[in-house]
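Participant: Have a look at this one before I ask anything.
Read the figures in this text as sums done on the coordinates, not as results from a lab. A quick note: this is a predicted structure, and the numbers were derived from the prediction, not measured. Virtual Cβ from ideal backbone geometry, glycine too; neighbours counted across all protein chains shown.
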Ligand SMILES: Cc1cc2nc3c(=O)[nH]c(=O)nc-3n(C[C@H](O)[C@H](O)[C@H](O)COP(=O)(O)OP(=O)(O)OC[C@H]3O[C@@H](n4cnc5c(N)ncnc54)[C@H](O)[C@@H]3O)c2cc1C
């Protein structure tokens, strides 16, 4: 590969960080044929798992790439979630998805499965290589690296900072990380319990603190919580087993016979967001773009969803068929999702750390509302699960489905469902008129140009829907983006007008 200015490259995108987000982005880019190198300073995967909760939208994304099997098989399935560790639980079984639950799986295993997936797709993953800075030029970016044999440089068309909260890429690109430092700390222990609670998820709260416990697939329990002494802005030192036991007893009256900790830690409510997710040849995703209290188990999920939004856009840009400004829509679409993420995790922090008598009443009232108001319960479940994310429509008269994620639509002919079709990582044009009318196609000139350009082709499916999809009842055709969101949908029944509208949608997509 040689750029217009004659700079030689052996990859098109360098990704800093082999956490879940960097690995997922690498696989998404490889799906579209982009040459990718992932640089990761850790010689081995971190065995300590921050995240355990995987939400429905993330499982849908995995299913759109054919990767959900191991996650569904190995994880603990939990039909509910929590908001602010309130007693009133969010009912995930009410979600309209093939996966109406949360999965509990250790992040280290998620990373292992993602790494296998990225490697199988052809990503070059280098451990023991730390990115130390980036320098941009007009048509390339130089990534400075400290490797096992000393410093070296890599040239690429783009660099993706998936290097976590302290992102070197973000700092080197001069992107401000705006927000506030912690005012509340939480504690964490992965332990064995000799007298575990009967429930898969146990929580208890009161004026003396909040505790939540989840059974893990490896037989351990993850304990998280906050006690009033944790409302502080200074760092109290490392978490100890004695402190964990004392906190448990303080809140619940027992320590559940806990012993053999695998990991003891603290986390905080530092809430920050990158001012821009794209800047020139630098893009940010995951914790490099947003940091917040791990409340509701959403950070990794949001990061994987960032990478899913970014992957096909960056690939289309690198492969040369992206419409003008496509890459910037990554910032336009995902930055507001990050704003919402910080909003609800901050709100949850306020509830979790409300230890005063008045704060306890706030918790009690909110918990009752969640129990008594199914629509509030569902709204919060949709928000935490990521299923409510909708990106702006692409045309002034856009159908309300535009920008929403499409569920796993099934078809009357019994063939591949929508997630099966999305496995190619390409756009999917759905002609839902059941095989009647003139076939829909791309504008004549664009189709020829598109076919000649890597990745610009799209998959067409002509079949009527079979299944209960009320929002899709009158849809005659739709264009689904590679990330599973609706680019265009129409109820038009005039064949000529529908064909014209479909050509417009394909044209706007660069197809
Ligand atoms: C206690 C706790 C519990 C959590 N629970 C959940 C949960 O249940 N569900 C959920 O969705 N989220 C949860 N989260 C959040 C989740 O862990 C993070 O959002 C997730 O790890 C972000 O993934 P990432 O790939 O963006 O960043 P990271 O996981 O931080 O990975 C970044 C990678 O970049 C590497 N790196 C760092 N510097 C450089 C450099 N200079 N060059 C190259 N690479 C570099 C790091 O070594 C690391 O491997 C939790 C967080 C905490 C703290």
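Participant: Between helix 241-252 and the chain, what is the angle of the helix's C-alpha long axis to the longest principal axis, kept within 0 to 90° and rounded to the nearest 10?
Facilitator: Rounded to the nearest ten degrees, it is 90.
Participant: Between residue 144 and residue 207, 0.36 nm times their residue separation minus their Cα-Cα distance comes to what?
Facilitator: So the extension gain works out to 17.6 nm.
Participant: Would you mind putting 353-359, 83-89 in packing order, based on average other-beta-carbon counts within 10 Å, highest first?
Facilitator: Taking the mean over residues of other Cβ atoms within 10 Å, the ranking is 83-89, 353-359.
Participant: While we're here: Where does the range 299-359 land on the Kirkwood hydrodynamic radius, alpha-carbon pairs, in angstrom?
Facilitator: 13.7 Å
Participant: Kirkwood hydrodynamic radius for the range 183-306: how many Å is it when counted over pairs of different Cα atoms?
Facilitator: 15.9 Å
Participant: Also: Let a ≥ b ≥ c be the square roots of the eigenvalues of the Cα gyration tensor of the chain; is it rounded (a/c under 1.5), or, if not, prolate (a/b larger than b/c) or oblate?
Facilitator: Here the chain falls in the oblate category.
Participant: Using only the alpha-carbon atoms, how far is helix 107-120 inclined from the longest principal axis of the chain? Give it as 0 to 90 degrees, nearest 10.
Facilitator: The angle comes out at about 20 degrees.
Participant: Shifting gears a bit: Could I have the simple spin-label model distance between residue 10 and residue 116, label points 7 Å from Cα toward Cβ, reported in nm to one decimal?
Facilitator: Using points 7 Å along Cα→Cβ, the separation is 2.8 nm.
Participant: By count of other Cβ within 10 Å, fewest leading, how are 334, 433 ordered?
Facilitator: 433, 334
Participant: Shifting gears a bit: Can you give me the Cα centroid spacing of the range 234-293 and the range 347-396 in angstrom?
Facilitator: 21 Å
Participant: Okay, moving on. Would you kindly give the portion of the calculated P(r) for the range 380-434 that falls above 19 Å, as a percent of all Cα pairs?
Facilitator: Cα-Cα pairs of the range 380-434 separated by over 19 Å account for 44 percent.
Participant: log₁₀ I(q)/I(0) of the range 1-128 at q = 0.21 Å⁻¹, via Debye over equal Cα point scatterers, no solvent, to two decimals?
Facilitator: Evaluating at q = 0.21 Å⁻¹ gives log10 I(q)/I(0) of -1.19.
Participant: Related question: Compute the semi-axes of the equivalent ellipsoid of the range 284-407, taking the square root of 5 times each eigenvalue of the Cα gyration tensor, and list them largest first in whole Å.
Facilitator: On the way: eigenvalues 230, 63, 21 Å².
For the range 284-407, the semi-axes come out at 34, 18, 10 Å.
Participant: For the chain, find the longest principal axis of its Cα atoms and tell me its angle to the long axis of helix 299-319, 0 to 90°, nearest 10.
Facilitator: 20 degrees
Participant: Also: Could you rank the peptides 179-187, 57-65, 408-416 by their average count of other C-beta atoms within 10 Å per residue, with the highest value first?
Facilitator: Descending mean neighbour count gives 57-65, 179-187, 408-416.
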